[in-house]
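Colleague: Okay, handing you the structure first.
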Amino acid sequence: MGFDPWNPDFVAYPYRVYDELRREAPVSYFEPTGQWLVARHADVNALLRDRRLGRSYLHVATHEEFGRPPEPEFQEPFWRVIRAGMLDVEPPVHTRLRRLVSKAFTPRMVESLRPQVRAIARSLVDAYVDKGGGDLIAEVAEPLPVTVIAEMLGIPEADRHLLRPWSADICGMYELNPTPQAQHTAVRAATEFSDYLKSLAADRRRKPGDDLVSALTQIDELTEDELVGTCVLLLNAGHEATVNVTGNGWWALFRNPAELARLREDRSLLPTAIEELMRWDTPLQMFERWVLEDIEVHGVRIPRGTEVALLFGSANRDPAVFPDPDRLDVGRADNPHISFGAGIHFCLGAPLARIELMESFGALLDRAATLELRAEPEWKPGYVIRGLRALELSATG
Ligand code: HEM
């Protein structure tokens, strides 16, 4: 089996294939998506920082100039929302949008949220353990980051159940070659989400509260599309990967019981354990970049107008950077994993994600004397966004 993101066996364990790619074909052309796969840590890291590449090309060229077909008209509402957020634009627009919200996400700012995050984590974990366990994803992993980011933005509690389905449907578009049905679902979700946020912003403009949506409505230089795009991005990016790190991370610990025991015994390992869980089973396996000027990687010329697929999951298992990379080592000290990206789009929410993960893993370790797997979990079919469908556990207090 080679690189095959539509094959469930590959999705379940892509790491053998990555070993081969890193060794034998660090840069290779993947016909089905027309992308260049990049497998080694040093190359992924360098290309993320290379300004000759971009998340978009629309600031320097048209679809036509890049030899791309125009986007189907029905997708317009989707791209309107997505391209108004910082993740899908390049400087100078990126610099401006990121500056406007970065104050809310500095390490100091999010550290002040820790007591609130802790309280939410504890109450979810208490309820979970009291009832003897259940699906950890639905009952702890999802509600924690959704509640935290929804509170930061000021989404009323009664509406929060809408966020997960909208986000999941929008994310369907980020898989490789999405089906027409997935595309339509994503467009519908983007439209509904956007209408919802416009009406919320109108309320907050009239009657501001102490939340991020209210603060954004007070910024004159932000257009309405940019306000909506920023909120959609924060709400989606603000929970999607954290949910998967929690599920993938616990599943990794169950498959490595000696490491789980080590962590139970020495709780000071929690910070390095979280980083290691993010490295060992990378929640976002791949990110793409457009080549804006010809580049050369390992003697391979990659021309302007093509796309590279940076294999984060492979970079995170590169033996040139991580000694004994297939070993899960909760005490791994030197761990420059790439799971939060690098360069100008480096994850804005990394400090918040780290707090959420520390608090949820910490609360479960504290509160559950035993945690046992009830059934072997299944991976969701997507390759790019790597996560479990459910994680059924028995818990005792
Ligand atoms: C463990 C959880 C998380 C992971 C693994 C993760 C990963 C990433 C990665 C890899 C990128 C860069 C994508 C690229 O370069 O193409 C990114 C960007 C971003 N993330 Fe996260 N993220 C996580 C949690 C969060 C949270 C909690 C937030 C909360 C607000 C957040 C907000 C963002 C934003 C706004 C961007 C865009 C930054 C920019 O374009 O300048 N993320 N994230």
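Colleague: Among the numbered criteria (1) surrounded by 14 or more Cβ atoms within 10 Å (Cβ to Cβ); (2) more than 16 Å from the ligand (Cβ to nearest atom); (3) over 21 Å from Pro283 (Cβ atoms), which single criterion is violated by Ala369?
Modeller: The failed condition is (1).
Colleague: Considering Ala315, Ala309, which residue is touching a His at 6+ places or on another chain (Cβ under 6 Å) and farther than 30 Å from Glu372 by Cα?
Modeller: The conditions single out Ala315.
Colleague: Looking for whichever is in contact with a helix residue (DSSP H, G or I) (Cβ under 8 Å, 6 or more places away or on another chain), among the small types (Gly, Ala, Ser) and open to solvent by 10 Å² or more (accessible area, probe 1.4 Å) here; the options are Ala261, Ala315, Ala320. Which one fits?
Modeller: Matching residue, one of Ala261, Ala315, Ala320: Ala320.
Colleague: For the stretch 102-126, give me each residue that is of a type in the set (S, T, N, Q) and within 11 Å of the ligand (Cβ to nearest atom).
Modeller: Ser102, the sole residue that qualifies.
Colleague: Further question on the same structure: Here is a check on your reading of the model: is Arg99 of a type outside the set (Val, Ile, Thr) and either open to solvent by less than 80 Å² (accessible area, probe 1.4 Å) or more than 14 Å from the ligand (Cβ to nearest atom) (or both)?
Modeller: Spelling it out, it is not the case that Arg99 is of a type outside the set (Val, Ile, Thr) and either open to solvent by less than 80 Å² (accessible area, probe 1.4 Å) or more than 14 Å from the ligand (Cβ to nearest atom) (or both).
Colleague: Take Glu392 and tell me if it is over 22 Å from the mean Cα position of the chain (by Cα), open to solvent by 50 Å² or more (accessible area, probe 1.4 Å), over 12 Å from Val129 (Cα atoms) and not small (Gly, Ala, Ser).
Modeller: yes
Colleague: Moving on. Filter the helices (runs of 4 or more DSSP H) completely within the stretch 158-238 down to those with at least 2 residues that are among the hydroxyl-bearing types (Ser, Thr, Tyr), away from the ligand (no atom under 16 Å from the Cβ) and buried (at least 17 other Cβ atoms within 10 Å of the Cβ).
Modeller: Hits in the stretch 158-238: 180-206, 212-217.
Colleague: Okay, next question. Under the condition of being open to solvent by 40 Å² or more (accessible area, probe 1.4 Å) and over 20 Å from Asp220 (Cα atoms), which residue from the stretch 78-96 is farthest from the ligand (Cβ to nearest atom)?
Modeller: Only one residue fits best here, namely Trp79.
Colleague: If only one of Phe361, Phe340 is among the aromatic types (Phe, Trp, Tyr) and open to solvent by 20 Å² or more (accessible area, probe 1.4 Å), which one is it?
Modeller: Phe340
The values are calculated or read from the model by the stated rules, or taken from the named source; none is laboratory data. These numbers come from a predicted model, not from an experiment. Cβ sites come from the backbone with ideal geometry, for glycine too, and all protein chains shown count toward neighbours. When the accessible area is computed, the model is the full protein with side chains, heavy atoms only, and any ligands, DNA or RNA have been set aside. Shrake-Rupley method; radii C 1.70, N 1.55, O 1.52, S 1.80 Å.
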